[in-house]
Amino acid sequence: MKVQSSHSRARCRGSLTAELFVAITLLTAAVVPLAGAFLQEQRRLRHAYYQAAAMELVDGEAEILAAGALSNFPEGEQVYPISYGSATNLPTGRFVLRRTGAQGSLEWQPKQSVHGGPVKRAFRLTYTGGVR
């Protein structure tokens, strides 16, 4: 039976600790860039979601306005009220309606530019009233 001295046990513990430190350092060096990439991808996806949600709302409202509802609004620029539940998924911003005669445009303007740019749709009034 061979008995190890305490000096060789300490040396083994020291080398094991060094190996563990190197392994954790390599793992950290690999995981930190991945975490950064995931955060960047998350921001991009959120931006794309905001753009898609705003585009859906603006397109739907632009169709309604072009079908005749635009004639209910005065000429000029005004804040356009949106009462859909899906509008609560958007960041703070506003919908702006601009009317010049039979021409109109509806735009979503986010309050902060980090939430994406504006979404704008121009349209022409296709129905002005009367019997179809």
Inset, instruction - With the condition kept exactly as written, say whether any residue in segment 74-94 is farther than 30 Å from residue 121 by Cβ, within 33 Å of the chain's Cα centre (by Cα) and among the polar types (S, T, N, Q). - result: no
Legend entry - segment 59-72 - residue that is under 23 Å from residue 47 (Cβ atoms) and not hydrophobic (A, V, I, L, M, F, W, C) and, of those, surrounded by the fewest Cβ atoms within 10 Å (Cβ to Cβ): 59
Inset, instruction - Determine whether segment 85-95 contains at least one residue that is in contact (Cβ under 8 Å) with a residue 12 or more places away in the chain and among the β-branched types (Val, Ile, Thr). - result: yes
Inset, instruction - Identify the single condition in (1) of a type in the set (Ser, Thr, Tyr); (2) more than 26 Å from the chain's Cα centre (by Cα); (3) at pLDDT 95 or above that residue 105 does not satisfy, given that it satisfies every other one. - result: (2)
Inset, instruction - Hey, could you check segment 73-132 for residues that are among the hydrophobic types (A, V, I, L, M, F, W, C) and part of a loop (DSSP other than H, G, I, E, B) and say which is surrounded by the most Cβ atoms within 10 Å (Cβ to Cβ)? - result: 90
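The values are calculated or read from the model by the stated rules, or taken from the named source; none is laboratory data. Note that the structure is predicted; figures quoted are calculated from it, not measured. Quick reminder, even Gly has a Cβ in these numbers, built from the backbone with ideal geometry, and neighbours come from all protein chains shown.
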